[in-house]
Amino acid sequence: MALLYAEQVEYLDVEEMQATHEEEIKILNEVEKLATGYIINKSNLSQLEEKLDEYIAHVKEHFANEERLMRKYDFPSYEMHKTAHDMFLTDINYAIKQWKNSDDVKKVINFIFKSPEWIVLHINTVDAPTAAYIAKKMALEEE
Ligand SMILES: [Fe+2]
Ligand SMILES: [Fe+2]
């Protein structure tokens, strides 16, 4: 079983946002697989650490790209959406700091295992209306 399935999050009208979410869910599930292996038999720690770095870089790029799109298309609730991203980044950065300071990768694994709830809620209630607005503006641009 995966940590999160693409079907659990709303399908977005903005193709690049949708593609980013699908990619990120894939990486998240790879993190989960490696993390489970590590917890069970302490295997492949360096692979897990690399995958975590990849995931975190992807999240940062994902948020930055949504924020760029929102600015480009003058999304009215930009500040609210950006604040939600910033809070998630603060929390994940804190978990990473605890991990690096203690060398205990479980500090960050616990955060990752709890994150699907936030991800589903954010995509379905924040990203979805944002994408609907941006998609409309993109269509107008094409006319
Ligand atoms: Fe998103
Ligand atoms: Fe977002």
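The values are calculated or read from the model by the stated rules, or taken from the named source; none is laboratory data. A quick note: this is a predicted structure, and the numbers were derived from the prediction, not measured. Here Cβ is always computed from backbone atoms with ideal geometry, including for glycine, and neighbour counts include all displayed protein chains. Quick note on the areas: whole protein, heavy atoms, side chains included, nothing else; ligands and nucleic acids left out. Shrake-Rupley method; radii C 1.70, N 1.55, O 1.52, S 1.80 Å.
Brief remarks on what is shown
- Helix 45-72 axis, angle to the chain major axis (alpha carbon atoms, nearest 10°): 10
- Once both labels are positioned 7 Å from their Cα atoms along Cα-to-Cβ, the gap between ALA64 and LEU121 label points is 2.7 nm.
- Long-range tail of P(r) for segment 11-142 (Cα pairs > 21 Å, %): 44
- Within the accessible area of segment 80-143 (1.4 Å probe), percent carbon and sulfur: 56
- Comparing Cα centroids, segment 111-143 and segment 1-50 end up 18 angstrom apart.
- Modelled this way, with points 7 Å down the Cα-to-C-beta line, the labels at TYR78 and TYR11 are 3.1 nm from one another.
- Kirkwood hydrodynamic radius of segment 54-114, from inverse mean 1/r over distinct Cα pairs, in Å: 12.7
- Relative to the longest principal axis of the Cα atoms of the chain, the long axis of helix 78-102 lies at roughly 10 degrees.
- Based on Cα contacts under 8 Å between residues 6+ apart, segment 1-137 shows a relative contact order of 36 percent.
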